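Enquirer: Sending over a structure as structure tokens; questions will come in a sec.
The values are calculated or read from the model by the stated rules, or taken from the named source; none is laboratory data. Please read all numbers here as calculations on a predicted model, not as lab measurements. Positions of Cβ are backbone-derived with ideal geometry, glycine not excepted, and every protein chain shown enters the neighbour counts.
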Amino acid sequence: MESKLIKRKLTEKVIFNILGLFLWISIAILGIIIFFIFKRGIGVISWEFITSMPANGMTEGGIFPAILGSFYLVSGSILFATPLGVFAAIYMTEYAKKGRLIRLIRIGVNNLAGVPSVVFGLFGLAVFVKYLNFGVSILSGALTLAIVILPTIIRASEEALISVPDEYRESSLALGATKWQTIKNVVLPAAIPGILTGCILGVGRVAGETAPIIFTAATFFSMKLPNSVFSEVMALPYHIYALVTTGTFPAKQVPFAYGTAVVLLVLVLLINLAAIILRIRYSKKFSN
Amino acid sequence: MLNWKTKEKVIKNTLLFFAFSSILFLAGIIVVLFNEGAPIFAKVGIFKFMFTGDWYPTYDPAGFGIYNLLAASIVVTIGAMVFAVPFGVASAVYISYILPKRFKNIVKPTIEMLAGVPSVIYGLFGMKILSPYIKELFGLPTGLNALTAMIMLGIMALPTIVSLSEDAITAVPKSFRDASLALGGTRLETMVRVILPTASSGIVTAIILGMGRAIGETMTVLMVAGGASLFPSNILKPVRPMTATIAAEMGEAPVGSDHYQALFGIAIILFIITLIFNIFADMAQQRFKKKVSGE
């Protein structure tokens with residue numbers, strides 16, 4: 001009896017350690033990828049690399065237009081997606097009764113989240129570039145990316161709104177406020193940090209998306225900075241792809257690709273870190 | 001000045017419209033894909049389109065059979081899952097069940113942060129760092145092949161699977177665990193016989209979503225799979241999954257041409273596959289919710 005228990009405990013220990021090994025290997029693999037990108041790219045990074053225009057067929061100069069282009073695309077997409085996502089979430093949490101309608105909407109959100117990014121690219125190409133005739137432009141790219149991140153923003157806003165305690169709503173309604181007044185003046189302000197987290201996560205996702213912008217916004221090289229929403233732009237993720245797959249001087253281009261990758265990676269990781277910290281802080285707010 | 005009741009009603013209906021935006025976009029995607037892509041099914045025949053392997057879109061006469069591309073997508077996705085599922089689920093179990101809480105609070109956010117690494121960065125790593133190793137290891141003419149794509153996709157799917165499986169395991173009520181422990185089960189027995197069976201449909205959701213992400217992944221396979229539209233009979237040969245085909249060729253296909261329509265045709269097939277995945281994931285999720293809330 002005694003030895004059987006010892007055996008059971010021993011099996012447990014062995015199996016738990018094997019599981020642990022799997023976890024540490026997984027983290028190590030992900031860590032190695034980031035390490036290699038940094039190792040090869042960090043030497044390229046300089047003030048000039050970040051702030052100057054590319055020169056000599058992408059073999060000299062910097063990536064400033066790509067940084068600026070990504071900034072425009074990301075801001076544009078957030079601008080479109082945030083009001084849409086937040087309003088959708090308000091309806092889903094504050095108005096809709098549990099039942100078929102809300103199920104249907106949620107299935108829509110989940111399925112939209114699962115659409116492959118290249119399919120969004122084709123949709124953007126057909127609708128924004130072609131039908132609406134916006135051409136390959138910041139506008140087409142930002143609109144396409146807005147659809148890509150809409151589910152992220154809806155889900156995060158929904159979570160934020162749900163976590164606002166019902167006492168908040170009840171107190172406001174009891175004071176004679178209408179439902180909309182309650183939402184606008186009480187619920188929404190309380191949910192803002194959570195919604196912000198969702199937007200930040202959206203920014204992180206969109207900054208790295210490549211497939212949706214290949215046909216809708218991105219160009220490998222432009223002589224001047226974009227001057228309107230109808231200009232095509234360079235963008236960080238597309239720039240990485242283009243540097244390693246096209247062009248005539250691979251030996252000089254590849255280090256630039258690593259450098260660009262470091263810039264993109266640092267941006268995305270910092271953005272995600274900010275979102276996570278904000279979320280942890282925010283989840284403490286209502287828990288006690 | 002509107003009466004407040006009318007105003008409330010207007011607001012409610014406006015919000016309802018916004019709430020439908022996702023469904024509208026989804027419907028819009030379906031309409032657009034079929035509008036642009038369906039003509040190719042009529043020209044080639046849906047059966048021939050899907051189940052013949054001659055993809056010669058720019059030849060005369062052109063061939064529009066996507067069988068090899070479809071097979072490549074499926075093979076590469078399955079290969080990725082062979083790696084990602086055991087590693088992902090084991091890691092999730094360890095994080096949620098064994099790791100002390102103070103470590104968990106660091107490890108889980110780290111994994112979530114890694115989930116945000118853009119696919120083009122995995123592509124760059126696979127193309128320039130992993131593939132030379134694969135090339136040398138197997139003595140191949142090129143390291144850009146199905147195997148490299150599988151490895152990279154597997155790594156990419158890992159954070160998704162870990163994070164969502166971990167959520168599922170953590171969502172199992174603590175009372176289930178306590179009951180089993182109180183009956184004299186060891187922690188391992190509790191995990192195998194109580195926690196995992198309860199969390200199983202949640203873990204299945206995580207795996208399906210991970211698969212959906214892998215089959216729809218574009219940049220990584222575009223950069224590392226090699227790009228040859230061959231049947232994936234050997235994983236050490238270059239392949240061309242559906243997503244890579246669309247991304248690589250759309251730039252050259254004249255708008256409205258047969259080639260353009262065929263690429264939208266591929267997108268239709270891809271969209272349907274991911275839609276099926278999502279529906280299954282959703283069903284598993286519903287089952288899981290019922291189970292956890294106590295049937």
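Enquirer: With respect to B:Phe264, determine if the residue is under 21 Å from the mean Cα position of the chain (by Cα), among the aromatic types (Phe, Trp, Tyr) and surrounded by fewer than 23 Cβ atoms within 10 Å (Cβ to Cβ). Steps first, answer last, please.
Expert: Numbers: under 21 Å from the mean Cα position of the chain (by Cα): yes; among the aromatic types (Phe, Trp, Tyr): yes; surrounded by fewer than 23 Cβ atoms within 10 Å (Cβ to Cβ): no.
No: the conditions fail for B:Phe264.
Enquirer: Also: Which one of these is modelled with pLDDT under 90 and under 30 Å from A:Leu19 (Cα atoms): B:Ile121, B:Ile74, B:Ile78, B:Ile98? Give the derivation first.
Expert: Working: B:Ile121 fails: modelled with pLDDT under 90; B:Ile74 fails: modelled with pLDDT under 90; B:Ile78 fails: modelled with pLDDT under 90.
Of B:Ile121, B:Ile74, B:Ile78, B:Ile98, the one residue that is modelled with pLDDT under 90 and under 30 Å from A:Leu19 (Cα atoms) is B:Ile98.
Enquirer: Tally the residues that are more than 14 Å from the chain's Cα centre (by Cα) and more than 16 Å from B:Met219 (Cβ to Cβ), restricting the search to the stretch B:151-161.
Expert: Kept after step one, since they are more than 14 Å from the chain's Cα centre (by Cα), are these residues of the stretch B:151-161: B:151.
The next check asks that each one be more than 16 Å from B:Met219 (Cβ to Cβ); those that pass are none.
Final tally of qualifying residues: 0.
Enquirer: Let me ask something else about it. For the stretch A:187-210, give me each residue that is hydrophobic (A, V, I, L, M, F, W, C) and either surrounded by fewer than 19 Cβ atoms within 10 Å (Cβ to Cβ) or without any contact (Cβ under 8 Å) to a residue 12 or more places away in the chain (or both).
Expert: Pass one, the stretch A:187-210, residues hydrophobic (A, V, I, L, M, F, W, C): A:187-188, A:190-192, A:195-196, A:199-201, A:203, A:206-207.
Of everything in the stretch A:187-210, those that are hydrophobic (A, V, I, L, M, F, W, C) and either surrounded by fewer than 19 Cβ atoms within 10 Å (Cβ to Cβ) or without any contact (Cβ under 8 Å) to a residue 12 or more places away in the chain (or both) turn out to be A:Leu188, A:Ala190, A:Ile192.
Enquirer: Also, quick follow-up: Within the group A:Ile240, A:Ile195, which residue is within 30 Å of A:Ala160 (Cα to Cα) and either β-branched (Val, Ile, Thr) or assigned to a strand (DSSP E or B) (or both)? I'd like the intermediate steps shown before the answer.
Expert: Numbers: A:Ile240 fails: within 30 Å of A:Ala160 (Cα to Cα).
Going through A:Ile240, A:Ile195 in turn, just one is within 30 Å of A:Ala160 (Cα to Cα) and either β-branched (Val, Ile, Thr) or assigned to a strand (DSSP E or B) (or both): A:Ile195.
Enquirer: Let me ask something else about it. Have a look at B:Thr110, B:Thr142 and point out the one that is in contact with a helix residue (DSSP H, G or I) (Cβ under 8 Å, 6 or more places away or on another chain) and part of a loop (DSSP other than H, G, I, E, B).
Expert: Working: B:Thr110 fails: part of a loop (DSSP other than H, G, I, E, B).
Answer to the check: B:Thr142.
Enquirer: So which residues in the stretch B:26-60 are touching a Gly at 6+ places or on another chain (Cβ under 6 Å) and either within 14 Å of chain A (Cβ to nearest Cβ) or among the small types (Gly, Ala, Ser) (or both), if there are any at all?
Expert: Matches in the stretch B:26-60: B:Leu26, B:Gly37, B:Ile40, B:Gly53.
Enquirer: Could you please let me know if B:Glu36 is in contact (Cβ under 8 Å) with a residue 60 or more places away in the chain, acidic (Asp, Glu) and over 30 Å from B:Ala168 (Cα atoms)? Please lay out each step first, then the result.
Expert: Details: in contact (Cβ under 8 Å) with a residue 60 or more places away in the chain: yes; acidic (Asp, Glu): yes; over 30 Å from B:Ala168 (Cα atoms): yes.
Yes; evaluated as a whole, the condition is true for this residue.
Enquirer: Do we have A:Ala88 as on the phi < 0 side of the Ramachandran plot, facing chain B (nearest Cβ under 8 Å) and either of a type outside the set (Val, Ile, Thr) or out of contact with any Leu (no Cβ under 8 Å at 6 or more places or on another chain) (or both) here?
Expert: On the way: on the phi < 0 side of the Ramachandran plot: yes; facing chain B (nearest Cβ under 8 Å): yes; either of a type outside the set (Val, Ile, Thr) or out of contact with any Leu (no Cβ under 8 Å at 6 or more places or on another chain) (or both): yes.
Spelling it out, A:Ala88 is indeed on the phi < 0 side of the Ramachandran plot, facing chain B (nearest Cβ under 8 Å) and either of a type outside the set (Val, Ile, Thr) or out of contact with any Leu (no Cβ under 8 Å at 6 or more places or on another chain) (or both).
Enquirer: Assess whether A:Asn227 counts as being modelled with pLDDT under 90 and assigned to a helix (DSSP H, G or I).
Expert: Details: modelled with pLDDT under 90: yes; assigned to a helix (DSSP H, G or I): no.
So A:Asn227 fails the test.
Enquirer: Determine which single condition A:Thr216 fails, assuming it passes every other condition in (1) in contact with a Phe, Trp or Tyr (Cβ under 8 Å, 6 or more places away or on another chain); (2) assigned to a helix (DSSP H, G or I); (3) over 30 Å from B:Lys5 (Cα atoms); (4) at pLDDT 90 or above.
Expert: (2)
Enquirer: Among (1) within 11 Å of another protein chain (Cβ to nearest Cβ); (2) at positive phi, where does B:Gly139 come up short?
Expert: B:Gly139 satisfies every listed condition except (1).
Enquirer: Going through B:Lys101, B:Lys108 one at a time, which residue ends up being of a type outside the set (Ser, Thr, Tyr) and under 25 Å from the mean Cα position of the chain (by Cα)?
Expert: On the way: B:Lys101 fails: under 25 Å from the mean Cα position of the chain (by Cα).
Just a single option satisfies the conditions, and that option is B:Lys108.
Enquirer: Hey, could you check the stretch A:28-77 for residues that are charged (D, E, K, R) and either in a loop (DSSP other than H, G, I, E, B) or more than 14 Å from chain B (Cβ to nearest Cβ) (or both) and say which is surrounded by the fewest Cβ atoms within 10 Å (Cβ to Cβ)?
Expert: Pass one, the stretch A:28-77, residues charged (D, E, K, R): A:39-40, A:48, A:60.
From what's left, either in a loop (DSSP other than H, G, I, E, B) or more than 14 Å from chain B (Cβ to nearest Cβ) (or both): A:48, A:60.
Values: A:Glu48: 11, A:Glu60: 13.
This residue is A:Glu48.
Enquirer: Considering only residues that are facing chain A (nearest Cβ under 9 Å) and either surrounded by fewer than 23 Cβ atoms within 10 Å (Cβ to Cβ) or part of a loop (DSSP other than H, G, I, E, B) (or both), which ones fall in the stretch B:69-88?
Expert: B:Pro86, B:Phe87
Enquirer: Do you know which residues across the stretch B:11-63 are of a type in the set (S, T, N, Q) and under 17 Å from A:Ile102 (Cα atoms)?
Expert: Narrowing the stretch B:11-63 to residues of a type in the set (S, T, N, Q): B:13-14, B:21-22, B:35, B:52, B:58.
B:Asn13, B:Thr14, B:Ser21, B:Ser22 - these are the residues of the stretch B:11-63 that are of a type in the set (S, T, N, Q) and under 17 Å from A:Ile102 (Cα atoms).
Enquirer: Looking only at residues that are more than 28 Å from B:Thr110 (Cα to Cα) and among the β-branched types (Val, Ile, Thr) in the stretch A:230-253, which one is modelled with the lowest pLDDT? I'd like the intermediate steps shown before the answer.
Expert: Keep residues of the stretch A:230-253 that are more than 28 Å from B:Thr110 (Cα to Cα), which gives A:230-234, A:242-253.
If we keep only those that are among the β-branched types (Val, Ile, Thr) too, we end up with A:233, A:244-246, A:248.
Working: A:Val233: 87, A:Val244: 90, A:Thr245: 88, A:Thr246: 83, A:Thr248: 77.
Checking each candidate, the answer is A:Thr248.
Enquirer: Also: Quick one: in the stretch A:114-124, of everything that is facing chain B (nearest Cβ under 7 Å) and of a type outside the set (Ser, Thr, Tyr), which residue is nearest to B:Thr160 (Cα to Cα)?
Expert: Going through the stretch A:114-124, the residues facing chain B (nearest Cβ under 7 Å) turn out to be A:114-119, A:122-123.
Right, trim to of a type outside the set (Ser, Thr, Tyr) and you get A:114-116, A:118-119, A:122-123.
Values: A:Gly114: 12, A:Val115: 15, A:Pro116: 15, A:Val118: 19, A:Val119: 20, A:Leu122: 25, A:Phe123: 25 Å.
That would be A:Gly114.
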